[in-house]
Structure formats: C-alpha cells, structure tokens
1. Do we find that Asp57 is over 23 Å from Ala105 (Cβ atoms), modelled with pLDDT of 90 or more and of a type outside the set (A, V, I, L, M) in this structure?
2. What are the residue pairs meeting all of these: first residue in the stretch 60-72, first residue over 24 Å from Asp12 (Cβ atoms) and touching a residue at least 60 places away in the same chain (Cβ under 8 Å), second residue in a helix (DSSP H, G or I) and among the β-branched types (Val, Ile, Thr), Cβ atoms under 8 Å, and 6 or more apart or on different chains?
3. For the stretch 10-33, name all the residues that are more than 10 Å from the chain's Cα centre (by Cα) and assigned to a helix (DSSP H, G or I).
4. Out of all the residues in the stretch 71-85, which are among the small types (Gly, Ala, Ser) and surrounded by 15 or more Cβ atoms within 10 Å (Cβ to Cβ)?
5. Test Asn115 against the criterion of being farther than 22 Å from Phe3 by Cβ, at pLDDT below 95, in contact with a helix residue (DSSP H, G or I) (Cβ under 8 Å, 6 or more places away or on another chain) and of a type outside the set (Val, Ile, Thr), and give yes or no.
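The values are calculated or read from the model by the stated rules, or taken from the named source; none is laboratory data. Nothing here was measured: the structure is a model prediction, and the numbers come from that model. Here the Cβ is made from the backbone with ideal geometry for all residues, glycine too, and neighbour counts use every protein chain on show.
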Amino acid sequence: MHFKLIIAFVEDTKTDAVMDAAREAGATGCTVINNARGEGIKESKTFFGLTLATQRDVVLLLVEKHLSRHILEHIGDVGEFDAKPGTGIAVILDVEDAVGVLHQAEELSDIVEENL
C-alpha cells in the first residue's frame, strides 16, 4: 500500500471541521500541530507593534494514495480554502516509506479495492 501526506494549514477555528471532513472522505487519523503562523500575499496588520493575525493549526494526514485527492478536495471545500483568501492551504506530498501504519493498511485495503 502506498501513502501520501496531506499537510493543511488551517485557521484554528476550522481545525475540527477539517478533521471531521478528512475522516468523512476516508482518512483514518491525523496529527494536529497547534499555533502556527504565517503570511500570504498581504502582510498581516499590526496594532502598536503587535501582529493581528488569526492562529493557524497544521493538520498532518497520512492517507492512502488512491484516496488522497478526494480527501484534499473535501477538506479544501470545508475549510473554504479557495472561497475565502487567507483561510488556509493544503498540499499533498509523496511518501516513500512509512512504518507504524500496518493497522491503517489493513483497514483501508477493503475501501481501496471498492474504489478501484
């Protein structure tokens, strides 16, 4: 079984909704890294030297490659990544190898066979 890594940078208010959407689309779990920050095209506004920006969370999803595009599109829709600038982004990276995912592979084998 081959895996892909989806990395989503999400507004902290939408993290739970994105995690739920990923599970609905076929993800078997995720890891969340809290309190990330970043900038887009426009610089963040400041007030007396303090940056006024919403917090971001980084959501990491190790998913089966045949399900990855569907999961990416679903979390993008729920997170409103394309609908509202600055709400988040998500990317997919190839995973060459992984350990500790045997239980996921066993559970996903039936799901992947149905989709092929």
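1. Working: over 23 Å from Ala105 (Cβ atoms): yes; modelled with pLDDT of 90 or more: yes; of a type outside the set (A, V, I, L, M): yes.
Here the answer is yes, as Asp57 does meet what is asked.
2. Partner pairs satisfying both residue conditions: Glu64/Ile111; Glu64/Val112.
3. Asp12, Thr13, Lys14, Asp16, Ala17, Asp20, Arg23, Glu24
4. Gly76, Gly79
5. Against the criterion (farther than 22 Å from Phe3 by Cβ, at pLDDT below 95, in contact with a helix residue (DSSP H, G or I) (Cβ under 8 Å, 6 or more places away or on another chain) and of a type outside the set (Val, Ile, Thr)), Asn115 does not qualify.
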